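Let me give you the structure first, and then I'll get to my questions.
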Amino acid sequence: MEAKLIVRMLEKMEIIDVNQMIEEFESTTKDAGRVQRETLKKILEENGSAEYLQNLGLNGSTDPESFKACVPLVTHQDLEPYIHRITDGDTSPILTGKAITTISLSSGTTQGKPKLVPFNDELMETTMQIFRTSFAFRNREFPVGNGKALQFIYSSKQFKTKGGLNAGTATTNVYRSSQFKEEMKGMQSQYCSPDEVIFGPDFHQSLYCHLLCGLIFRGEIQSVFSPFAHSLVHAFRTFELVWEELCADIREGELSCRITVPSIRTAMSKILKPDPESADLIHKKCSGLSNWYGLIPELFPNAKYIYGIMTGSMEPYLKKLRHYAGDVPLMSADYGSSEGWIGANVNPTLPPELVTFAVLPNIGYFEFIPLSENVEEQVLGIEPKPVGLTEVKVGEEYEIVVTNVAGLYRYRLGDVVKIMGFHNSTPELKFVCRRNLMLNINIDKNTEKDLQLSVEEATKVLAEEKLEVVDFTSHVDLSTDPGHYVIFWEISGEVHLHEEALQECCNCLDRSFLDAGYIGSRKVNAIGPLELRVLQKGTFQKILDHYLGLGAAGSQFKTPRCVSLANNTVLQILCNNVAKNYFSTAFR
Ligand code: AMP
């Protein structure tokens, strides 16, 4: 009995066969069209008894043509009545054949409040499949040995819905699963922190302890990870502030009194032992760095790479991350959402700016709404006509529509992607932006990406002063006549020492929105001068804290890039913390 158990345990711990994983991926992507049909068939067969599908008159059909004819395109809002019945405890087959028992909270940084989406074992399995796939490609280039991973991962607040379902962020649902731990062993990426740190109730205490665990196991750390680059940068910015305290903890073998959660203290006491030698070494290494350049390899000499999502709204953090990373390669992680995963980064050596995602045709059924045709259809109120996974055209932009294994059918995710090429017969996508994130006053339309590019331009002016933008967001202010764009910046230096440069940044921001509608409106003053509001230090920390309070997980956090009046609390935090504002003189 015991021997059997050990064999089973060993089996479970088996390291992933990289070549086999890659072969599997190559084979599923060779005939992506067929795999898509099969995947749709499987999803519809498994969930055929769901009320939602029954009411749409599919009558057991599982082919894409009938599916498209019977099932409408939906948004999250359309599904809310169904999801609410599920969260209220109705266990009848509503969206899925098998009752949903877990709910994911999307990070909610775009709409201001988290969306609730169904989560189940099948979604967990597709998550692991995508993790394994990209690991295989990553490991082929940069094999990790036996060691540990410093993973800045956090559980969100978990709660029960009215009907008793477990609810937390998607990442929390993943981390809570026993399968996750096993899979991490298979990828030789076991996190170095105890579970109590990941599942601790206080993000700041967990972060401190992740850093401490990283230092304790520093020689063994093979990779540094967080789901999103924001939280990697946030972690090392925090390190800059607490490093001496961390060294003191290691020297004395005594955990800082800032850690007050008893379960974390107990768990940490098992691994923290007095080690003055190591403390001195770390202290010396940190003191020797110039402005923290190359901090990561200095602390973790065996780290092979830094891993996390670095694309899309995470791109603005790359500069700082590269600074900390020195010569350790950055590898951008996969593309997905709480609603399910979409594509894997199978070219891990590409710099994050060039990363594309190869869609896994067997983890969901994917459709693409062409954006070029869409404008006309929108005006006429015609339902857009999406194309299938293998029908997309290189160079075109699309809004992505997902049918997943957890009760979402033809669901508009709200993301815009561009087709960059094909891997076998599956498309390789580039993430462009969130579709609904838009700065818009009259005929102007500026997306999250446009904002990002404009900030990037203005950052160059700031860089001449050796300053950086810590984080940024925007707002359309219609309280003035005409309305105008407001850009909020938190910067690394003192505002009053750089007034002239900041005025130039403001002008540069205004000039760098290249949308014809914006430029035209600015020229005739149909849109007022852009306003740059420079924030007091720590404002974005307050915003992060606000979202953590709402139940977000620190590692899934994305700074909202456009804050509307509807997101009143965040807007208030921003407006109450303005150190200085500037109006553009660019179009005078
Ligand atoms: P959430 O459901 O809170 O995890 O957020 C999912 C959203 O994050 C997606 O819809 C995308 O807008 C964004 N996202 C996820 N993965 C990536 C990626 N690899 N690159 C850029 N944006 C991403």
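The values are calculated or read from the model by the stated rules, or taken from the named source; none is laboratory data. Because the structure is predicted, anything quoted here is derived from the model rather than measured. Cβ placement follows ideal geometry from the backbone for every residue including glycine, while neighbour counts extend to all protein chains displayed. Ligands, DNA and RNA are excluded from the accessible area calculation, which covers all protein heavy atoms including side chains. Shrake-Rupley method; radii C 1.70, N 1.55, O 1.52, S 1.80 Å.
Work out Dmax and Rg for segment 116-250 from the C-alpha atoms and quote the Rg first, both in angstrom.
When restricted to Cα atoms, segment 116-250 yields Rg and Dmax of 15.8, 47 Å.
Would you compute, for the Cα atoms of segment 65-167, the largest minus smallest coordinate along each principal axis and list the three values in descending order, in whole Å?
Principal-axis extents of segment 65-167 (Cα, largest first): 48, 40, 29 Å.
Here is a follow-up. Is there a pair in Lys319/Lys542; Lys449/Lys580; Lys185/Lys537; Lys98/Lys385 whose C-alpha atoms are over 32 Å apart, and which pairs would that be? Please report the intermediate quantities before stating the final value.
On the way: Lys319/Lys542 23 Å; Lys449/Lys580 25 Å; Lys185/Lys537 40 Å; Lys98/Lys385 30 Å.
Check vs 32 Å cut-off fails for Lys185/Lys537.
Dipole magnitude of the chain about its Cα centre, charges +1 at Lys/Arg Cβ and -1 at Asp/Glu Cβ only, in debye to the nearest 20?
Numbers: 58 positive and 74 negative charges, 129 e Å.
Rounded to the nearest 20 debye, it is 620 debye.
Per the Kirkwood treatment, what hydrodynamic radius in Å, one decimal, follows for segment 219-374 from the mean inverse distance over all distinct Cα pairs?
18.0
Over segment 452-588, one equal point on each Cα, no solvent: what is log10 I(q)/I(0) by the Debye formula at q = 0.11, 0.13, 0.14 Å⁻¹?
-0.39, -0.55, -0.64
Extent of segment 378-466 along each principal axis, from alpha carbon coordinates, in Å, largest to smallest?
50, 37, 27
Could you give the dipole magnitude of segment 82-197 about its Cα centre, charging the beta-carbon of Lys and Arg +1 and that of Asp and Glu -1, in debye to the nearest 20?
Numbers: 14 positive and 10 negative charges, 47 e Å.
Value, rounded to 20: 220 debye.
Which listed residue (Phe131, Pro72, Pro529) has the Cα farthest towards the positive end of the charge dipole for the chain, taking +1 on Lys and Arg C-beta and -1 on Asp and Glu C-beta about the Cα centre?
Farthest towards the positive pole: Phe131.
Sticking with this structure for a sec: With Rg and the Kirkwood Rh both taken from Cα atoms, where does Rg over Rh land for segment 267-342?
1.11
Would you mind counting up the charge near Asp31? Only other residues with Cβ under 12 Å from its Cβ, with Lys and Arg at +1 and Asp and Glu at -1. Display every interim value, and only then the final one.
Numbers: positive: Lys30, Arg34, Arg37; negative: Glu26, Glu38.
The answer is +1.
Over segment 313-359, give the accessible area per residue in Å² for a 1.4 Å probe, as an integer.
Result: 27 Å² per residue.
Using a 1.4 Å probe over the heavy atoms of the protein chains, calculate the carbon and sulfur portion of the accessible area of segment 481-588 as a whole percent.
For segment 481-588, the apolar C and S fraction of the accessible surface comes to 53 percent.
Follow-up question, since we're still on this one. Segment 205-262: D in µm²/s via Stokes-Einstein (Kirkwood Rh, Cα pairs, 4 °C, 1.567 mPa s)?
107
How large are Rg and Dmax for segment 338-491 when calculated on the C-alpha trace, in angstrom?
Cα-based Rg and Dmax for segment 338-491 come out at 18.3, 54 Å.
Just the number, please: Stokes-Einstein D of segment 303-393 in µm²/s, Kirkwood Rh from C-alpha pairs, 4 °C, 1.567 mPa s.
Stokes-Einstein gives a translational diffusion coefficient of 84 µm²/s.
Can you find, among Val144, Leu478, Ile419, the residue farthest towards the positive end of the dipole of the chain? Put +1 on the C-beta of Lys and Arg, -1 on that of Asp and Glu.
Checking the options against the dipole of the chain, the answer is Val144.
Now, a different point. Can you show me the helix-derived [θ] at 222 nm for the chain, built from DSSP H runs with n ≥ 4 at -39,500 (n - 2.57) apiece and divided by the number of residues, rounded to the nearest 500.
Roughly -12500 deg cm²/dmol at 222 nm, from the helical runs in the chain.
Size of the dipole of segment 279-333 about the Cα centre, Lys and Arg at +1 and Asp and Glu at -1 on the beta carbon, nothing else charged, in debye to 20?
Charge dipole, segment 279-333, about its Cα centre: 40 debye, nearest 20.
If we count every other residue with Cβ under 13 angstrom of Ile443's Cβ, Lys/Arg +1 and Asp/Glu -1, where does the sum land?
Net charge in that neighbourhood comes out at +1.
Give me the Kirkwood hydrodynamic radius of segment 508-588, using the inverse of the mean 1/r over all pairs of distinct Cα atoms, in Å to one decimal.
Working: mean 1/r = 0.0681 Å⁻¹.
Evaluated over segment 508-588, this radius sits at 14.7 Å.
Of Ile16, Ile198, Val432, which is farthest towards the positive pole of the chain's charge dipole, taken about the Cα centre with +1 and -1 on the beta-carbons of Lys, Arg and Asp, Glu respectively?
Value: Ile198.
Moving on to the next point. At a temperature of 4 °C and a viscosity of 1.567 mPa s, determine how fast the chain diffuses translationally according to Stokes-Einstein, using the Kirkwood radius over alpha-carbon pairs as Rh; express D in µm²/s, rounded to the nearest whole number.
Numbers: Rh = 25.4 Å.
The estimated diffusion coefficient comes to 51 µm²/s.
Right, next: Taking the Cβ of Asn424 as the centre, find all other residues whose Cβ is under 14 Å away and add up their charges (Lys, Arg: +1; Asp, Glu: -1).
Working: positive: Lys30, Arg34; negative: Glu23, Glu24, Glu26, Asp31, Glu428.
Neighbour charge sum, excluding Asn424 itself: -3.
In percent, how large is the relative contact order of the chain, given Cα pairs closer than 8 Å and 6 or more residues apart?
The normalised contact order for the chain reaches 15 percent.
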